Amino acid sequence: MADELTPETPETESEEPIKQRKNGLYPGVSDELAENMKSGWADTELRDLKPVEQAAHAARRRAALSARFPGERLVIPAGNLKTRSNDTEYAFRSSVEYAYLTGNQTEDGVLVLEPTADGHQETIYLLPRSDRENGEFWLSGQGELWVGRRHSLTESEALYGVPAADVRELADQLREATGPVRVVRGYDVGIEAALTDKVTAERDEELRVFLSEARLVKDEFEIGELQKAVDSTVRGFEDVVKVLDKAEATSERYIEGTFFLRARVEGNDVGYGTIAAAGPHACTLHWVRNDGPVRSGDLLLLDAGVETHTLYTADVTRTLPVNGTYSEIQKKIYDAVYEAQEAGIAAVKPGAKYRDFHDAAQRVLAEKLVEWGLVEGPVERVLELGLQRRWTLHGTGHMLGMDVHDCAAARVETYVDSTLEPGMVLTVEPGLYFQADDLTVPEEYRGIGVRIEDDILVTEDGNRNLSAGLPRQSDEVEGWMASLKG
């Protein structure tokens, strides 16, 4: 990594001097070099830009937001870069609320809706192109020659269909603002500080909840993006199966890295930390260390999803025999989970209660546990007391979208206590997990964990499995793996 002259961009590049790195090799910039760097550059302004694909959808979302909070100033930040260590930052990911309403994903951006007599005036506040007059473009650690070109404000207006202004002036404007204000908290401390005497936690939470609930039903653009994410994820699972021999020679990290390559080639990133859990690690629900061995004869629980460039993520799980064939006990447990998932998916339809798919899957698993003699029946007693949860552990699914656990701030009555509607997308993911140290089950069960997860769209007449491209039945999984291994 190159050693830039300065580690950071000051808050107001046009007014403050650019700071030098303490231990940089150059002590400063001569007047002659500074003057030389100001000129001799071609005009790179991008013209005739077309709006991004989601611009029209984002405009409708902003209109709904405006109608919900008339007469109030609404402030939705993208967020800022976060330091990983010293002067290196984590890759930036915009706040979901901001990206949902704008289609833009750049750091430090802020969407502001100013109240007017008949709605709101929308402005997207962004950093403009790096300043060439003061040298920021080549001297600052966040300058154009260090991290890449930013869009100009004019370009941004064309791309996102919203008037754009310099975000460096926004904090001062907000400090002078009058009237009711709401802000989405947790992303931009500078913006929040400017509004500290104008907002309340209760009112801001109402804004966050509204934006979360707005995403419960997906529009056609969102469904298309989720299908793209799933299709890439299917290819990522195929990639993994083809290199299981290499994973056996190394570790679970080979699986993680293989899937990540697909995510970065076809999408923005992975939607969450890949769970590449082999052997007893499959019994740890969010095993993301991925540093364990991959052994023939064990199962691999792979829970992974590609995130698209527009930040929509898939969330798919398959539990695969590393050697391509389930053992008798593995198949017994796997088939039970498959049967439970089938019952759960069948319960996903418009007009059904959100909880129905969970209840249907849990009933099947409870029946299996009683049948196997692992818990005393009857099944109604097991379900009433939740005794199956020792081995099922988690809920059977969640909403899916721009977050892997999407719409998390929605009210209980609009989420888990709601009725399913066409356009909702959720996961159905029952599992059975027999911990390696669980003395209440026969030894042959111990260390086996199975989860099967698919992404399900509620349609007008039932549902559609977006991830149907990956086989689920045990014999089909074995045949699929054999065909990929050639």
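Report, by residue number, each residue of the range 134-186 that is crowded, with 21+ Cβ neighbours inside 10 Å and aromatic (Phe, Trp, Tyr). Across the range 134-186, the qualifying residues are 137, 160. If you go through the range 275-307 and keep only what is open to solvent by 10 Å² or more (accessible area, probe 1.4 Å) and part of a loop (DSSP other than H, G, I, E, B), you end up with 284, 285, 286, 287, 288, 289, 291, 293, 295, 296, 297, 298.
Filtered by the rule that a residue be over 9 Å from residue 75 (Cα atoms), of a type in the set (A, V, I, L, M, F, W, C) and not in a helix (DSSP H, G or I), the range 176-200 gives 177, 195, 199. Residues in the range 210-256 that are closer than 16 Å to residue 471 by Cα and either modelled with pLDDT under 95 or under 19 Å from the mean Cα position of the chain (by Cα) (or both): 230, 231, 232, 233, 234, 235, 236, 237. Any residue at all in the range 218-226 that's within 27 Å of residue 92 (Cα to Cα), part of a loop (DSSP other than H, G, I, E, B) and in contact with a Lys or Arg (Cβ under 9 Å, 6 or more places away or on another chain)? Checking the range 218-226: at least one residue is within 27 Å of residue 92 (Cα to Cα), part of a loop (DSSP other than H, G, I, E, B) and in contact with a Lys or Arg (Cβ under 9 Å, 6 or more places away or on another chain).
Listed here are the residues, each with its yes/no results for (1) at pLDDT 95 or above; (2) acidic (Asp, Glu); (3) part of a loop (DSSP other than H, G, I, E, B).
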site: 14; (1), (2), (3): no, no, yes
site: 36; (1), (2), (3): yes, no, no
site: 45; (1), (2), (3): yes, yes, yes
site: 56; (1), (2), (3): yes, no, no
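The residues on offer are 206, 114, 97, and the sole one that is within 30 Å of residue 414 (Cα to Cα), of a type in the set (Asp, Glu), modelled with pLDDT of 95 or more and surrounded by 19 or more Cβ atoms within 10 Å (Cβ to Cβ) is 97. Of all residues in the range 290-347, those satisfying the criterion of being over 16 Å from residue 476 (Cα atoms), touching a helix residue (DSSP H, G or I) at 6+ places or on another chain (Cβ under 8 Å) and of a type in the set (Asp, Glu) are 291, 298, 307. Among the residues making up the range 344-381, those that are touching a strand residue (DSSP E or B) at 6+ places or on another chain (Cβ under 6 Å) and among the hydrophobic types (A, V, I, L, M, F, W, C) are 345, 348, 357. Within the range 260-270, not a single residue is over 27 Å from the mean Cα position of the chain (by Cα), of a type in the set (Gly, Ala, Ser) and either more than 24 Å from residue 374 (Cα to Cα) or open to solvent by 30 Å² or more (accessible area, probe 1.4 Å) (or both).
If you go through the range 438-455 and pick out every residue that is of a type outside the set (A, V, I, L, M, F, W, C) and either within 33 Å of the chain's Cα centre (by Cα) or buried (at least 16 other Cβ atoms within 10 Å of the Cβ) (or both), you end up with 9.
Restricting 395, 386, 351 to residues that are at pLDDT 95 or above, under 26 Å from residue 252 (Cβ atoms) and open to solvent by 10 Å² or more (accessible area, probe 1.4 Å) narrows the list to 395.
So that you can scan it fast, the table gives a plain yes or no per residue for (1) open to solvent by less than 50 Å² (accessible area, probe 1.4 Å); (2) in contact with a Leu (Cβ under 9 Å, 6 or more places away or on another chain):
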position	(1), (2)
404	yes, no
409	yes, yes
419	no, no
425	yes, yes
457	yes, yes
460	no, no
464	no, yes
480	yes, yes
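The values are calculated or read from the model by the stated rules, or taken from the named source; none is laboratory data. Keep in mind it's a predicted model, so treat the numbers as computed, not measured. Heads up, the Cβs are rebuilt from the backbone with ideal geometry, glycines too, and the neighbour counts pull from every protein chain shown. Ligands, DNA and RNA are excluded from the accessible area calculation, which covers all protein heavy atoms including side chains. Shrake-Rupley method; radii C 1.70, N 1.55, O 1.52, S 1.80 Å.
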